[in-house]
């Protein structure tokens with residue numbers, strides 16, 4: 001367990017890095033409350049091993065790894081009891097900018113990926129980590145990171161294209177409906 005000086009150092013680390021770490025958590029789990037829980041759980045798990053992290057510059061990567069592992073555990077546990085819902089996640093009213101809509105769509109589309117694929121996409125694209133850093137953070141080879149990323153991006157592209165098609169079809173149907181009603 002961490003000692004006196006370690007405790008202060010850990011508290012200082014959490015205070016200065018909390019916002020960035022919470023952003024990382026938000027990218028791993030879309031729900032803000034879950035993200036907060038994920039970060040807290042990861043911090044508790046990291047606290048016990050704090051003195052084992054020799055190079056504190058690696059603390060962020062270490063914590064992200066803990067968050068990813070924790071999220072995967074939750075995901076497995078939840079998958080056993082999960083019932084798919086037709087409900088869309090509620091978004092706060094003031095979030096209505098294009099950017100937030102795009103991000104919400106992306107978060108939603110990311111759900112089609114397996115946890116490992118999602119982790120690779122998050123670290124490479126959102127966290128801007130290199131292939132090597134991503135490999136180290138996830139405990140896989142650089143080759144696996146590359147192939148996983150390739151498959152994940154292809155899957156995302158497929159999903160977005162199929163959603164676009166659905167959107168076009170539903171717009172065309174609405175237009176026909178309007179024209180029929182107007183005639």
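Any read-out appearing in this document is the output of simple, stated calculations on the displayed coordinates, not a laboratory observation. Quick caveat, the model's predicted, so the values are computed rather than measured. When we count neighbours, we look across all protein chains shown, and the Cβ atoms used for this are built from the backbone with ideal geometry, even at glycine.
Model label sites at residue 157 and residue 74, defined 7 Å from Cα along the beta-carbon direction, differ in position by 3.1 nm.
Do you know the relative contact order of region 96-183, to the nearest whole percent, from alpha carbon pairs under 8 angstrom that are 6+ apart?
Numbers: 39 pairs, mean separation 25.3, N = 88.
It rounds to 29 percent for region 96-183.
In plain terms, the residue of 13, 47 with the fewest other Cβ atoms within 10 Å comes first and the most crowded comes last, giving 47, 13. Neighbour counting of Cβ atoms within 10 Å sorts the residues 180, 71, fewest neighbours leading, into 180, 71. Full extension of the chain between residue 36 and residue 136 gives 33.5 nm of extra length, using 0.36 nm per residue less the Cα-Cα distance. Remark: the residue 58-residue 12 segment gains 15.0 nm on full extension, using 0.36 nm per residue and subtracting the alpha carbon distance.
Legend: ranking of residues 176, 9 from fewest to most surrounding C-beta atoms inside 10 Å; resulting order 176, 9.
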